[in-house]
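Step one of this worksheet: look at the structure below.
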Amino acid sequence: MEARQSEKRYTYADYCTWDDGERWELIDGIPYAMAPSHSQLHQTLSGEAFAQLHNYLKGKECKVFAAPFDVRLNPDTDDDIVVQPDIIVVCDDTKLDGKSCNGAPDMVIEILSPSTQRHDRVIKLQLYQRYGVGEYWIVDPEEKTVQTHILENNQYYINVYTEADEIPVHTLEGLTMKLSDVFAG
């Protein structure tokens with residue numbers, strides 16, 4: 001992830017005018033170029049995790065979305081944070097406006113790639129905690145691990161799971177995700 005060099009701070013309104021064929025995220029008013037495409041492994045992992053969530057959520061209140069889908073973490077204040085997580089779960093329909101999620105999703109999943117590791121593990125982790133994302137998963141395709149962050153009292157509590165484990169999805173009571181299925185691809 002590379003930041004666009006500029007003294008100017010941007011907002012979601014500016015972001016919506018960018019039509020340069022690239023995908024961007026906006027963090028505290030600074031644009032970050034996203035990787036142009038994801039690897040086959042990244043797509044396979046994302047697809048399997050999305051499928052498990054989607055199948056579980058059929059007929060339920062919560063919705064699951066895959067990237068690219070804008071998440072505006074501070075739409076009611078500066079509106080200068082727009083991210084595009086790999087997968088989000090939103091249980092409050094009032095946060096959805098047809099083109100973005102306005103406020104913190106209930107759950108976010110990011111799948112690491114070499115160009116996004118630091119961004120996902122540090123910058124986005126801090127953002128998601130600050131804005132109240134209840135559950136944040138970081139999937140590491142190389143290590144075949146998932147690091148879960150569960151928000152309690154404005155602080156993330158971390159667990160690490162391997163491909164042999166099943167993870168209880170804190171946000172969606174009754175759902176356990178089988179990592180052997182996620183990493184099978």
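Sub-7 Å Cβ pairs linking a first residue in region 38-50 that is within 16 Å of Val64 (Cβ to Cβ) to a second residue that is β-branched (Val, Ile, Thr) and part of a helix (DSSP H, G or I), at least 6 apart or interchain, are Leu45/Val182; Glu48/Val182; Ala49/Val182, ordered by first then second residue.
Considering (1) surrounded by 13 or more Cβ atoms within 10 Å (Cβ to Cβ); (2) part of a loop (DSSP other than H, G, I, E, B), the lone condition that Leu125 does not fulfil carries the number (2). Inspection of region 129-136 identifies at least one residue that is within 24 Å of Thr11 (Cα to Cα), crowded, with 21+ Cβ neighbours inside 10 Å and at pLDDT 95 or above. Of the residues making up region 1-17, those that are modelled with pLDDT of 90 or more and either assigned to a loop (DSSP other than H, G, I, E, B) or under 25 Å from Gln117 (Cα atoms) (or both) number 7. Would region 150-170 turn up any residue that is part of a loop (DSSP other than H, G, I, E, B) and in contact with a helix residue (DSSP H, G or I) (Cβ under 6 Å, 6 or more places away or on another chain)? The answer is yes, given that some residue of region 150-170 is part of a loop (DSSP other than H, G, I, E, B) and in contact with a helix residue (DSSP H, G or I) (Cβ under 6 Å, 6 or more places away or on another chain). Within region 77-119, track down each residue that is part of a loop (DSSP other than H, G, I, E, B), farther than 23 Å from Ala51 by Cβ and in contact (Cβ under 8 Å) with a residue 24 or more places away in the chain. Passing the criteria: Asp78, Asp79, Asp80, Ile81, Lys99, Gly103, Ala104, Ser115.
The values are calculated or read from the model by the stated rules, or taken from the named source; none is laboratory data. Computed from a prediction, not measured in an experiment: that's the story for all the values here. Positions of Cβ are generated from backbone atoms using ideal geometry, with glycine treated the same way; all protein chains shown enter the neighbour counts.
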